[in-house]
Structure formats: structure tokens, C-alpha cells
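Taken together, the values in this text are just the output of simple stated rules run on the coordinates, not laboratory data. In this text the structure is predicted, and so the values were computed from the model without any measurement. Every residue, glycine among them, receives a Cβ derived from its backbone with ideal geometry; neighbour counts consider all protein chains shown.
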């Protein structure tokens, strides 16, 4: 778990800074800044659109007496993808766009299911005691 936090909070931001500096040198400061703002705006739009569609799917599944597990996984991917797109940087933007693409999510969801099963069955889940 410590390795994941190290990756998320130290390595990825450091790589983002390197990529942003290189992009600034290659295409200039203002085009780099514009790309960051543009991907944030596009990401917010796509996340909102797909998020609303997913909420409708969840409601439909509940209305028909089914558990909306697939739609909930889509919603989690959309939430993370939208958050990544709002984070400045090209690496996180790429990961965010991948999570917002429906065909890419179909490839990612089986991996997420395996991860969640492993977390629950190996008791690595964090327990909150009352």
C-alpha cells in the first residue's frame, strides 16, 4: 500500500512536472497552458455527460429490480477519469480520457472486479470499527 501512495503522491506529480516543462519548451508556455485548460474543460463536459447517463442506467436497473453493478463500475471509472482530467498534466489527462472511453472501460472493469474481489477475500480491506 505504501508503494501505491509513493507512486500517486511523489512519482506521478514529478513526472507531470517534467512533461509540462518539456511541453513548454517544445510548443511554448501559452500553448501548453491552453492545452491544460482545454483538456480540463473537455473532461468536465464528458464526465458530466457520461455521469448523467450512468445515473440514468443505475435508476433503470434499480427500477427493474436488478443490482446495477456494471453501471456502478462505470460510474466509478467516470468519477476517477473526470477527476484526473481536472488535474493539470498530460499523463493524468491521458489516463482520464482512457477511463472516459466506454470501450476502454469495458477492458478495465474486469480488472477492477478482480481487484475488488481480492481486496475482500484476502482481508486487505480497511475495516472501520465502531
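At a glance:
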{"item": "Prolate/oblate/rounded label for the range 1-89 (Cα gyration tensor, a/c 1.5)", "result": "oblate"}
{"item": "In degrees, nearest ten, helix 12-27 long axis to first principal axis of the chain (Cα)", "result": "40 degrees"}
{"item": "Full-extension gain in nm, residue 10 to residue 41, via 0.36 nm per residue minus C-alpha separation", "result": "8.6 nm"}
{"item": "Rounded to 10°, Cα long-axis angle of helix 90-100 versus longest principal axis of the chain", "result": "30 degrees"}
{"item": "GNM result for the chain, Cα springs below 10 Å: residue of 86, 38, 22 fluctuating most strongly", "result": "22"}
{"item": "Computed label-point distance, nm, for sites residue 29 and residue 91 using a 7 Å Cα→Cβ extension", "result": "2.4 nm"}
{"item": "Computed label-point distance, nm, for sites residue 21 and residue 119 using a 7 Å Cα→Cβ extension", "result": "3.4 nm"}
{"item": "Packing-based order for 88-94, 76-82, 104-110, 40-46, using average beta carbon neighbours within 10 Å, highest first", "result": "76-82, 88-94, 40-46, 104-110"}
{"item": "Translational diffusion of the range 38-130, µm² s⁻¹ [Kirkwood Rh, Cα pairs; Stokes-Einstein; 25 °C; 0.890 mPa s]", "result": "171 µm²/s"}
{"item": "In degrees, nearest ten, helix 69-86 long axis to first principal axis of the chain (Cα)", "result": "20 degrees"}
